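Any read-out appearing in this document is the output of simple, stated calculations on the displayed coordinates, not a laboratory observation. Owing to the predicted nature of the structure, the values given are computational and were not obtained by experimental measurement. For neighbour counting, all protein chains shown are included, and Cβ atoms are generated from backbone atoms with ideal geometry for every residue, glycine included.
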Amino acid sequence: LYDPDVSLLPIGGHFTMDPSDAAYAVNNLLKSKTVIPMHFGTYGILKGTPEQLKQALGNTTAKLVVMEPGETRKF
């Protein structure tokens, strides 16, 4: 994955990674500067939240960016 600057990671936790899995990926595998959580809050079965990801990331230099549906960003 070669140290991407921006990572979009699923955090829903049923069909995809949960927040702790995503935090592990950021801190130990990807080392991204910016992390955007996705695949959460759309169905009741998806329990992971951006707040849980923030807590799981701990003391990291990665910036957590939570986007709203339809929102755009340039990196």
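For Val35, the residues whose modelled amide H falls within less than 5 Å of its own, excluding neighbours fewer than 5 places apart on the same chain, are Ser7, Lys63, Leu64, Val65.
Summarising the amide proton neighbourhood of Thr49: residues at separation of 5 or more, or on other chains, whose placed amide H is nearer than 5 Å comprise an empty set. With contributions of -39500 (n - 2.57) from each DSSP H run of at least four residues, the per-residue ellipticity at 222 nm computed over the chain stands at -4500 deg cm²/dmol.
Each residue of the range 58-69 was assigned a 3J(HN,Hα) from its phi angle through the Karplus curve 6.51 cos²θ - 1.76 cosθ + 1.60 (θ = phi - 60°); the sequence is x, 7, 10, 8, 5, 8, 8, 10, 9, 9, 8, x Hz, with glycine and proline shown as x. Taking Cα centre as origin and charging only the Cβ of basic (Lys, Arg, +1) and acidic (Asp, Glu, -1) residues, the dipole magnitude of the chain rounds to 160 debye.
Within the set (i) 12.3; (ii) 12.9; (iii) 13.8, the number that Kirkwood radius over Cα pairs in Å takes when calculated for this structure is listed as (i). Shown for the chain: lysine pairs separated by 8 or more places, or found on different chains, whose C-alpha atoms are under 21 Å apart, numbering 8.
Its relative contact order, with pairs defined as Cα atoms under 8 Å and 6+ residues apart, puts the chain at 34 percent.
With R₀ fixed at 22 Å, the C-beta to C-beta distance from Lys63 to Asp3 puts the FRET efficiency at about 0.90.
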